[in-house]
């Protein structure tokens, strides 16, 4: 379509143009109407090319970093890898995993469970993985979890902590009386998630003054919390700004935010055995301390996530 | 997928009608952002457009400024402004005003320029002061075109003010952005419908303003 | 890793690559919009009663924010460039149909009568007389559509790296690197201005009978240039 479009623009005076225009218009309309049919899956067309592993990531820095680590480890195992970065929230990426557009996605086991089944209990990491596998689409599975954990948390800024006497020992339950005076922030999806406003209300009985939609634990959240635009926010526990800005992470005795071990979510058919082994080897070496360090390199030192991923794989002997 | 089904589901959900995330609140916020941006843009564009149109000087400079402003991407300006200034209304007003000034400015200039010179010369011959010529002769005749520039700016603002939600402000864009991340089509489609409704209301207001403000003598031509 | 041209690896393109992608995502829809607008405008010219409803419909479509279009389309066309390009083609159409209709209508009746007297059929008359005379108005519409399209591609960043240079904006936020946002805004503005200059040059080429330096456009062209229902969003 490129060439016809361009040539007809400069040749509008010539007789062929009208015919080209009508044909193109017809083709475009036909394209629209056929893809408008809900019975055939329009996403089929972009299924990952056979033999290529497509690694996806959500729209926050750590997800990009983890996807780079997975992707480079898979490359080292001799597989052909494509990346699809910064896609959006789990609500979107899970759908893309299900329809085969993505082969591998860095996930957090308990968070994924809460998405699949808000009612499910989370007693141990192993039980969580079993529960997730039981509820996953049958084309998908979880590989081994890493010890590295990055949870959602409700954190308050230093100002709020000082005003209400909240310390590192305080729990979410302690917020009950002051919540109606506090504005809480988080990603737009936090508003409707069980591991979000829903759960905070049903589990801890917390009703906040209002909710401010920010980003997924990114710079917007950090800026809003440190600037007291919001008094509490969903902050990831591996966020390097917690220490820097003296945010207070509230304890979660009811385990609402459950387990959040970094775990590869993969398509059963799309990932060959050597890929499974490569990712399990990554999980075995990735712990929370390492993740904190790698996150800080990306978010504070502004290094490129791909460089950080490659350097770590090399130092861990996984390249 | 039936879009109408989602529209219906969105508007019949009573939870969407009250509270800080309710339709009345979001609609009101959207209206506030839009009116403020339009007021600022008009305060900049109208006087400059009237003056240059009346004197006939600076037309090329205006066209240049308008083209340059049109080249600036609204979404980019928004993100940049937030990164440099931080939160608040100001970073949202910058792209909206940049968006709205060119149509107001250029249309006003062209509107005054295209007034028939004969009555203007007659007024001048009668010894009318220049400011009276502008406001008593030129503006009444040019008003329909001036209003069309304001209308064009207003529609663009209403549609673009949705991006305020990307930087965590309110307005109807909230439903679209939230719907995107929550994968909730009801919200996306509902939000888009509300924006389109507000745009149509804007058209209606300008139509009514045209009926009321434009002199019947001019309208009939 | 904090330089102006240090593009984060997750965007998977160099700066030049992003520019190429951006131009493709912005200009193809304008071309498609033009191809669709020509027959629609022709119909509106032939059947005058058709024009007001078409104009009304296009105005409503234009009022729907691009992001809403993108999100709804994801389910049909996936997280792809096509999802970004379809709404942009629609917006171009909305700008171009009135521009072409007004332009074609501005052709004086005497001119048409002369063409008919010379034995031109209606198709030939349209292509060789009406369209060339309407060229300034059509190109004025193209200028608006192009500027708008280049700006709107950036919003595609919100649906997952589909915004070409706009992805730099999302990256600027994610990694807190304002210089990437400056890069994105400046590059997009320069692209828009360059395309604008090329279109003006094209108009001069296509209308050799008009005074070269003349900035005075025909009223129809001027209207198309200044009162589209939305230049950039």
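Just so you know, all these numbers are worked out from the coordinates, no wet-lab data involved. Being a predicted model, the structure only gives us computed values, none of them experimental. Ideal geometry is used to build each Cβ from the backbone, glycine not excepted, and the neighbour counts take in all protein chains shown.
Applying 1/(1 + (r/R0)^6) with R0 = 60 Å to the Cβ-Cβ distance of residue A:269 and residue B:132, what FRET efficiency is obtained, to the nearest 0.05?
Computed FRET efficiency for residue A:269 and residue B:132: 0.15.
Classify the protein assembly as shown as rounded, prolate or oblate from the Cα gyration tensor: take a ≥ b ≥ c as the square roots of its eigenvalues, call it rounded if a/c is under 1.5, otherwise prolate when a/b beats b/c and oblate if not. Walk me through the intermediate numbers first.
Details: a/c = 2.27, a/b = 1.67, b/c = 1.36.
Prolate.
Report the calculated FRET efficiency for residue B:17 and residue A:168 (r = Cβ-Cβ distance, R0 = 45 Å), to the nearest 0.05. Each step should come with its number before you reach the end.
On the way: r = 41 Å, r/R0 = 0.91.
Here the calculated transfer efficiency is 0.65.
Sorting B:31, C:180, C:93 on the 10 Å Cβ count, fewest up front, what's the list?
Ordered from fewest to most neighbouring Cβ atoms within 10 Å, B:31, C:180, C:93 come out as B:31, C:93, C:180.
Other chains near B:161-168: what is the mean number of their Cβ atoms within 10 Å of each residue's Cβ? Each step should come with its number before you reach the end.
On the way: counts 2, 7, 6, 0, 4, 11, 5, 12.
Mean partner shielding for this stretch: 6.
Taking chain B as the reference, fit the longest principal axis to its C-alpha atoms, fit the long axis of helix B:173-182 to the helix C-alpha atoms, and give the angle between the two in degrees, 0 to 90, nearest 10.
Taking Cα atoms only, the helix is inclined about 30 degrees.
So, in nm, how far is label residue A:302 from label residue A:135 when the simple model puts each one 7 Å beyond its Cα toward the Cβ?
Each label point is offset 7 Å from its Cα along the Cβ direction, giving 4.1 nm.
Using Cβ contacts closer than 10 Å as the measure, can you line up C:74, C:19 from fewest to most?
Starting with the residue having the fewest Cβ neighbours, the order is C:19, C:74.
Rounded, prolate or oblate: which one fits chain B, using the alpha carbon gyration tensor with axes a ≥ b ≥ c (rounded when a/c is under 1.5, else prolate when a/b beats b/c, else oblate)?
On the way: a/c = 3.15, a/b = 1.93, b/c = 1.63.
Here chain B falls in the prolate category.
Modelled label-to-label distance, residue C:16 and residue C:200, 7 Å Cα→beta-carbon offset: nm?
Each label point is offset 7 Å from its Cα along the Cβ direction, giving 2.8 nm.
What is the average number of partner chain Cβ atoms found within 10 Å of a Cβ in C:26-35? If you can, show how the numbers build up before the last one.
Values: counts 0, 4, 4, 1, 2, 9, 6, 2, 6, 16.
Per residue, the number of nearby Cβ atoms from other chains is 5 on average.
Rounded to the nearest 10 degrees, what's the angle between the helix C:178-206 long axis and the longest principal axis of chain C, both from Cα atoms, 0 to 90?
The answer is roughly 20 degrees.
I'd like the distance separating the alpha-carbon centroids of the range B:51-116 and the range C:47-64, in whole Å.
The two parts, judged by their Cα centres, are 26 Å apart.
What's the FRET efficiency of residue B:40 with residue A:82 using the Cβ-Cβ distance as r and R₀ = 41 Å, to the nearest 0.05?
The value I calculate is 0.35.
If each of residue B:204 and residue A:290 carries a label point 7 Å out from its Cα toward its Cβ, how far apart are those two points in nm?
6.2 nm
If one computes the Cα centroid of the range C:155-183 and of the range C:1-29, what distance in Å separates the two points?
Going from one Cα centre to the other spans 10 Å.
What is the Cα centroid distance between the range A:118-145 and the range B:182-205, reported in whole angstrom?
39 Å
Taking the Cα atoms only, what angle lies between the long axis of helix C:15-46 and the longest principal axis of chain C, rounded to 10 degrees?
30 degrees
Is there a simple number for the mean count of other chain Cβ atoms within 10 Å of the Cβ of residues in B:183-196, and what is it?
On the way: counts 13, 5, 4, 0, 4, 8, 4, 1, 5, 8, 2, 0, 4, 8.
Neighbouring Cβ atoms belonging to other protein chains average 5 per residue here.
At a 10 Å Cβ-Cβ cut-off, how would you order A:83, C:51, fewest neighbours first?
C:51, A:83
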